[in-house]
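Chemist: Below you will find the structure I want to go over with you.
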Amino acid sequence: MNSVAQLRKIFKQSHTIAVVGLSAEWHRPSYFAAKYMQEHGYRVIPVNPRYAASATPILGQRCYASLLEIPDPVDIVDVFRRSEDVLPIAQQAVQIKAHCLWQQIGVVNQEADQLARAAGLDSVLDRCVKIEYARLFGGLNLVGVDTKIISARRPL
């Protein structure tokens, strides 16, 4: 389980998020989460072989077929894939020296988690990067998610 302090550290030390499984369809959760993070100052790099083959940009960014094709450093590898598909993605995340493997809500692959942690990466399971960022840095509202955290102070 990741503490609030660990999650804050991940967000504060990160600048680039590779979103594996990012869809070009605006109504998909991966698109919504990636757009939110992009609007909050993160560089989002789409990773989806379907769009990379057709050279279709997503959110104005070039799409790559795999993490190994990305020429720039990646801080967070955000995974929108089935749990059984995560292990090879975790292996690539280790190979490119990413700092964090993030498995989205509903995505839990313990073997990938253990591999990432053993290689020194932070690892987050079964959480949404958008929801956690909003929860920790003051972006949730009535249409957001009930976090059971009430505070009048905005986090630093």
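Chemist: Filter the stretch 114-142 down to the residues that are within 12 Å of VAL79 (Cα to Cα) and not hydroxyl-bearing (Ser, Thr, Tyr), then identify the one that is surrounded by the fewest Cβ atoms within 10 Å (Cβ to Cβ). Step through it out loud before you land on a result.
Modeler: Our first condition is that a residue be within 12 Å of VAL79 (Cα to Cα); within the stretch 114-142, this holds for 123-129.
From the residues that got through so far, the ones that are not hydroxyl-bearing (Ser, Thr, Tyr) too are 124-129.
Values: VAL124: 23, LEU125: 21, ASP126: 11, ARG127: 16, CYS128: 22, VAL129: 27.
Among those that are within 12 Å of VAL79 (Cα to Cα) and not hydroxyl-bearing (Ser, Thr, Tyr), it is ASP126.
Chemist: Can you name every residue in the stretch 45-95 that is surrounded by fewer than 22 Cβ atoms within 10 Å (Cβ to Cβ) and under 20 Å from LYS9 (Cβ atoms)?
Modeler: Answer for the stretch 45-95, where residues must be surrounded by fewer than 22 Cβ atoms within 10 Å (Cβ to Cβ) and under 20 Å from LYS9 (Cβ atoms): PRO73, ASP75, VAL94.
Chemist: Residues in the stretch 133-148: is at least one modelled with pLDDT of 95 or more and either over 22 Å from SER30 (Cβ atoms) or of a type outside the set (Val, Ile, Thr) (or both)?
Modeler: If we filter the stretch 133-148 for residues that are modelled with pLDDT of 95 or more, which is where we start, we get 133.
Next, from what is left, pick out any that are either over 22 Å from SER30 (Cβ atoms) or of a type outside the set (Val, Ile, Thr) (or both): 133.
Within the stretch 133-148, one or more residues are modelled with pLDDT of 95 or more and either over 22 Å from SER30 (Cβ atoms) or of a type outside the set (Val, Ile, Thr) (or both).
Chemist: VAL19 - would you say it is of a type in the set (Val, Ile, Thr) and either in contact with a Cys (Cβ under 8 Å, 6 or more places away or on another chain) or surrounded by fewer than 16 Cβ atoms within 10 Å (Cβ to Cβ) (or both)?
Modeler: Details: of a type in the set (Val, Ile, Thr): yes; either in contact with a Cys (Cβ under 8 Å, 6 or more places away or on another chain) or surrounded by fewer than 16 Cβ atoms within 10 Å (Cβ to Cβ) (or both): no.
Taking the combined requirement at face value, the residue does not satisfy it.
Chemist: Quick check on the stretch 105-135: of everything there that is assigned to a helix (DSSP H, G or I) and of a type in the set (Asp, Glu), which residue is nearest to the chain's Cα centre (by Cα)?
Modeler: Taking the stretch 105-135 and keeping what is assigned to a helix (DSSP H, G or I), we get 110-118, 129-135.
Checking the rest, the ones that are also of a type in the set (Asp, Glu) come to 111, 113, 132.
Working: GLU111: 18, ASP113: 14, GLU132: 10 Å.
Only one residue tops the list, namely GLU132.
Chemist: Name every residue in the stretch 76-120 that is among the β-branched types (Val, Ile, Thr) and in contact with a Gly (Cβ under 7 Å, 6 or more places away or on another chain), in order of residue number. Outline the logic, then answer.
Modeler: To start, the set of residues in the stretch 76-120 that are among the β-branched types (Val, Ile, Thr) comprises 76-77, 79, 86, 89, 94, 96, 105, 107-108.
Selection gives VAL79 alone.
Chemist: Looking only at residues that are among the charged types (D, E, K, R) and touching a residue at least 60 places away in the same chain (Cβ under 8 Å) in the stretch 34-85, which one is nearest to VAL124 (Cα to Cα)? Walk me through it before giving the result.
Modeler: Within the stretch 34-85, the first condition is being among the charged types (D, E, K, R), and the residues that meet it are 35, 39, 43, 50, 62, 69, 72, 75, 78, 81-82, 84-85.
When the remaining residues are screened for being touching a residue at least 60 places away in the same chain (Cβ under 8 Å), the result is 75, 78, 81.
Numbers: ASP75: 13, ASP78: 9, ARG81: 14 Å.
Filtering first and then ranking leaves ASP78.
Chemist: Out of the residues in the stretch 96-106 that are surrounded by fewer than 24 Cβ atoms within 10 Å (Cβ to Cβ) and among the aliphatic types (A, V, I, L, M), which is nearest to ARG28 (Cα to Cα)?
Modeler: ILE105
The values are calculated or read from the model by the stated rules, or taken from the named source; none is laboratory data. Remember, predicted model here, so these are calculated numbers, not experimental data. Positions of Cβ are backbone-derived with ideal geometry, glycine not excepted, and every protein chain shown enters the neighbour counts.
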